[in-house]
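The values are calculated or read from the model by the stated rules, or taken from the named source; none is laboratory data. Bear in mind the structure is a predicted one, so any value in this text is a computation, not a measurement. Positions of Cβ are backbone-derived with ideal geometry, glycine not excepted, and every protein chain shown enters the neighbour counts. Side chains included, ligands, DNA and RNA excluded: accessible areas come from the protein's heavy atoms. Shrake-Rupley method; radii C 1.70, N 1.55, O 1.52, S 1.80 Å.
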Amino acid sequence: IPEGKRVEAVAEYFAEFEQFDEAEVIKIAKIDEGYLFPDTYLFPVQTTATMVHTQLRDNFDAVVQKNTIEEKAKAENRTLEDVIILASLLEREAQSAEDMKIVAGILYNRIELGMPLQVDATLQYAKGFDKATNNWWPTALSADKESNSLYNTYKFAGLTPGPIANPGLNALLAAAVPTNSEYLFYITDNDGNMHYTKTYEEHLENVQKYLR
């Protein structure tokens, strides 16, 4: 199970095997969006959807405990729930462990300043599955920023009501112990490299330089 997949996409993996009903997996596991740990699993043929959900969730709890994620979060005056939500955003916003830590610091900076997070991935999550492109993460459009969904981080400040995907260990660690900086903006260029700035003016310069 790869990192950064939402529950519905995880269910699609299991739906390839006839003993699983995709809708049943989603129904059982949806309540634990963000808490199903991405990993390699070996299940016996007689495995049920409930057993899948239990093992993924139990693995998540074990990883969190082993890596003292909750203790690290408390040391930063954050809750485990907030860390998991932010980690799910990081899975969609950054690739490397280092970049995840920097982006985590940026998003926390925005929260402290009362700035909206403005994370496109949250708009994509709110839109859901796009049949035209067969994609759970459809392109976020300007019109989506006007959505009244509580997952619209352009309109509503702070974290989303819940996770938007299931984060892996790097994202969880980054959200628990971010890199502190004065950065407030970031972009990913066409080669996948990330660029960070402190001011909006610098951010616009990077947009012109790397994305035009």
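Data table
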item	result
Net charge contributed by nearby residues that have their C-beta within less than 12 Å of Lys209 (K/R +1, D/E -1)	-2
Radius of gyration and maximum dimension Dmax of the range 33-87, Cα, Å	13.3, 44
Per-residue [θ]222 nm for the chain (sum of -39500 (n - 2.57) over DSSP H runs n ≥ 4, rounded to 500)	-14500 deg cm²/dmol
Accessible area per residue, Å², the range 19-124 with all protein chains present, probe 1.4 Å	50 Å²
Taking N as its residue count, the alpha carbon Rg of the range 31-156 over 2.2 N^0.38 Å	1.21
Helix 80-93 vs. the chain, principal-axis angle (Cα, 0 to 90°, nearest 10)	70 degrees
Distant-in-sequence amide H partners of Asn135 (H built 1.01 Å from N, under 5 Å)	Asp130
3J(HN,Hα) from dihedral phi, the range 190-204, Karplus parametrisation 6.51/-1.76/1.60, rounded to Hz, x for glycine, proline	5, 9, x, 7, 9, 10, 10, 9, 8, 10, 5, 4, 5, 4, 4
Residue with peak Gaussian network fluctuation, the chain [Cα springs, cutoff 10 Å], from Leu172, Leu86, Leu42	Leu42
Separation of the Asp191 and Asn135 label points, Cα + 7 Å toward Cβ, nm	2.3 nm
The range 1-96, dipole about Cα centre (Lys/Arg Cβ +1, Asp/Glu Cβ -1), debye to the nearest 20	280 debye
Distance histogram in 10 Å bins (all Cα pairs of the range 56-104, percent per bin)	25, 51, 24
The range 143-212 - charge dipole about Cα centre, Lys and Arg +1 at Cβ, Asp and Glu -1, debye rounded to 20	160 debye
Solvent-accessible surface ranking, highest first, for Thr188, Thr47 at 1.4 angstrom	Thr188, Thr47
Length-normalised contact order for the chain - Cα pairs under 8 Å, 6+ apart - percent	24 percent
Kirkwood-based shape ratio for the range 79-212, expressed as Rg/Rh from alpha carbons	0.94
On Cα atoms only, tilt of 49-66 relative to the major axis of the chain in degrees	50 degrees
Computed over the range 120-208: relative contact order in percent, which uses C-alpha pairs under 8 Å that are six or more apart	16 percent
Carbon and sulfur %, accessible surface of the range 69-212 computed with the full protein complex present, 1.4 Å	46 percent
Qualifying lysines (Cα of each under 28 Å from Cα of Lys101; at least 8 residues distant if same chain)	Lys5, Lys30, Lys66, Lys72, Lys74, Lys127, Lys145, Lys155, Lys198, Lys209
Charge context of Ile102, other residues only, Cβ under 12 angstrom, K/R +1, D/E -1	-3
Dipole moment magnitude, nearest 20 debye, the range 90-212 about Cα centre, only Lys, Arg, Asp, Glu C-beta charged	320 debye
